[in-house]
1. Give the residue, chosen from Phe80, Phe57, that is aromatic (Phe, Trp, Tyr) and under 20 Å from Asp20 (Cβ atoms).
2. Does region 51-69 contain any residue that is among the polar types (S, T, N, Q), exposed (fewer than 10 other Cβ atoms within 10 Å of the Cβ), modelled with pLDDT of 90 or more and assigned to a strand (DSSP E or B)?
3. Can you go through Ile25, Ile30 and tell me which one is touching a helix residue (DSSP H, G or I) at 6+ places or on another chain (Cβ under 9 Å) and on the phi < 0 side of the Ramachandran plot?
4. Within region 78-85, is there a residue that is within 27 Å of Lys7 (Cβ to Cβ) and open to solvent by 90 Å² or more (accessible area, probe 1.4 Å)?
5. Output the residues belonging to region 72-89 that are in a helix (DSSP H, G or I) and modelled with pLDDT of 90 or more.
6. I need every pair where a residue in region 44-60 that is at positive phi has its Cβ under 6 Å from the Cβ of a residue that is modelled with pLDDT of 95 or more and among the β-branched types (Val, Ile, Thr), sequence separation at least 6 or different chains.
Amino acid sequence: YYTYDDKGNQVWLIGSAITDGDSVIIPMEITEGGVFGTPFNPDDVDHIPWGTLEFTFNGCFDGHVLATPNQDMLNAGRGFEVVEFDITRSTPPTGCP
């Protein structure tokens with residue numbers, strides 16, 4: 001999930017989960033400390049818990065997202081807040097009634 005903090009800094013949140021019916025709650029984290037290319041060392045990467053993204057699907061084409069930062073991200077001067085928005089599929093679905 002690509003977003004910004006309240007200072008305008010770019011932030012990539014990463015996470016994965018398996019859907020359960022028409023919804024999924026994904027634990028998200030921010031990674032820091034890694035470098036690109038040959039000098040990359042996975043031990044140098046810090047995984048910082050961010051909160052969750054909750055996706056709820058209303059059918060094959062529409063859904064809703066609730067982005068909920070954890071208390072550390074809300075209170076630690078990181079500048080995040082709870083955000084929610086609707087989503088719409090931009091490509092045709094396969095295997096959807």
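1. Matching residue, one of Phe80, Phe57: Phe57.
2. In the first step, residues of region 51-69 are kept if they are among the polar types (S, T, N, Q); the result is 52, 56, 58, 68.
Those left that are additionally exposed (fewer than 10 other Cβ atoms within 10 Å of the Cβ): none.
No.
3. On the way: Ile25 fails: touching a helix residue (DSSP H, G or I) at 6+ places or on another chain (Cβ under 9 Å).
After applying the criteria, what remains is Ile30.
4. Our first condition is that a residue be within 27 Å of Lys7 (Cβ to Cβ); within region 78-85, this holds for 78-85.
Restricting the remaining residues to those that are open to solvent by 90 Å² or more (accessible area, probe 1.4 Å) gives 81, 84.
Yes, region 78-85 contains a residue that is within 27 Å of Lys7 (Cβ to Cβ) and open to solvent by 90 Å² or more (accessible area, probe 1.4 Å).
5. Met73 - this is the single residue of region 72-89 that is in a helix (DSSP H, G or I) and modelled with pLDDT of 90 or more.
6. Gly51/Thr68
So that you can scan it fast, the table gives a plain yes or no per residue for (1) open to solvent by 80 Å² or more (accessible area, probe 1.4 Å); (2) under 9 Å from the mean Cα position of the chain (by Cα); (3) at pLDDT 95 or above:
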residue: Gln10; (1), (2), (3): yes, no, no
residue: Gly15; (1), (2), (3): no, yes, yes
residue: Thr19; (1), (2), (3): yes, no, no
residue: Ile25; (1), (2), (3): yes, no, yes
residue: Glu29; (1), (2), (3): no, yes, yes
residue: Gly34; (1), (2), (3): no, no, no
residue: Phe40; (1), (2), (3): yes, no, no
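The values are calculated or read from the model by the stated rules, or taken from the named source; none is laboratory data. No experiment lies behind these values; they were computed from the predicted model shown. So basically every Cβ, Gly included, is an ideal-geometry build from the backbone, and we count neighbours across all protein chains shown. What goes into the accessible areas is simple: the full protein's heavy atoms, side chains included, and nothing from ligands, DNA or RNA. Shrake-Rupley method; radii C 1.70, N 1.55, O 1.52, S 1.80 Å.
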